[in-house]
Amino acid sequence: MAIGRLPALTAEEANILVAKVARQADVLQQTAGRHLFVADNKARSDADFPALARAAAARLPAGSSASWAVLANSSSKAVKAARTALFRAGARAPR
């Protein structure tokens, strides 16, 4: 069970957020098996996010597809390429 709060200040905002949560089941069904992993730059004291993402991807069910946007130790050119990949993956997701 997930427990959280919706950051709504008005009844209208709350209604919009509740509707978005309700639509999520349909979105998840339409995107079943597609996963996007994003790992950012890390400092020495940070966890190794790219390695953790690879470990998570290794546990995906057979037939799953994974897209990657890894920014660790990246140049601005690599960051731009990863950002483009992220936007393209988002554009393919159902709304």
For the range 18-62, name all the residues that are among the hydrophobic types (A, V, I, L, M, F, W, C), assigned to a helix (DSSP H, G or I) and under 26 Å from ARG5 (Cα atoms).
VAL18, ALA19, VAL21, ALA22, ALA25, VAL27, LEU28
Every residue in the range 42-56 that is modelled with pLDDT under 85 and of a type outside the set (A, V, I, L, M), please.
LYS42, ARG44, SER45, ASP46, ASP48, PHE49, PRO50
Is at least one residue of the range 63-76 loosely packed, with under 12 Cβ neighbours inside 10 Å, at pLDDT 80 or above and in a helix (DSSP H, G or I)?
no
Scan ARG92, ARG59 and give me the residue that is out of contact with any strand residue (DSSP E or B) (no Cβ under 7 Å at 6 or more places or on another chain) and at pLDDT 85 or above.
ARG59
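The values are calculated or read from the model by the stated rules, or taken from the named source; none is laboratory data. Here the structure is a predicted model, which means the values were calculated and not measured. Virtual Cβ from ideal backbone geometry, glycine too; neighbours counted across all protein chains shown.
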